[in-house]
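Read the structure below first, then the notes.
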């Protein structure tokens, strides 16, 4: 519960910061695309984090297998929507940002997802294999 409140506080702070900055922005096509990506992906990132609840950890662990909500269709929605938010934010700030995201952050997230996959497969076996077969990334 405490981690969920922290996530909510960060979300509200980010939204307030972006809304406060919005009137000063020169709205180019790239900035609009970035803002739209952020506006869609950030709430989904927060929702995924909230749905994961106490199963969230920085290191891979297998407390319980979360298979509801966004996790019923996507195995790693936090990585997916966090990555999309980062791409959107980088488009909003700089045209070179997405290249940095693609070259640095995406490969790191893929490595983390694979590590978690091994931990979950080891802990939940066939149940995880069935879950994996009906979900994306």
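The values are calculated or read from the model by the stated rules, or taken from the named source; none is laboratory data. All values derive from a computational prediction rather than experimental measurement. When we count neighbours, we look across all protein chains shown, and the Cβ atoms used for this are built from the backbone with ideal geometry, even at glycine.
Per-structure values
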read-out: Single match in 104, 111 (criterion: at negative phi, surrounded by fewer than 15 Cβ atoms within 10 Å (Cβ to Cβ) and modelled with pLDDT of 90 or more); value: 111
read-out: Leading residue by the ranking (nearest to the chain's Cα centre (by Cα)) among those in the range 93-129 that are over 20 Å from residue 80 (Cα atoms) and in contact (Cβ under 8 Å) with a residue 60 or more places away in the chain; value: 95
read-out: Cβ-Cβ under 8 Å pairs, at least 6 apart or on other chains, the range 3-21 side under 23 Å from residue 54 (Cα atoms), far side modelled with pLDDT under 75 and part of a helix (DSSP H, G or I); value: 3/54
read-out: Filter pass, residue 73 being at pLDDT 95 or above and over 23 Å from residue 10 (Cα atoms); value: yes
read-out: Residue satisfying condition, being modelled with pLDDT under 90, within 17 Å of residue 10 (Cα to Cα) and loosely packed, with under 15 Cβ neighbours inside 10 Å, within set 63, 53, 82; value: 53
read-out: Qualifying residue in the range 25-47 (condition: within 13 Å of the chain's Cα centre (by Cα), under 30 Å from residue 130 (Cβ atoms), crowded, with 20+ Cβ neighbours inside 10 Å and at pLDDT below 90); value: yes
read-out: Checklist (1) over 16 Å from the mean Cα position of the chain (by Cα); (2) modelled with pLDDT under 90; (3) closer than 21 Å to residue 137 by Cα applied to residue 18, failing item; value: (3)
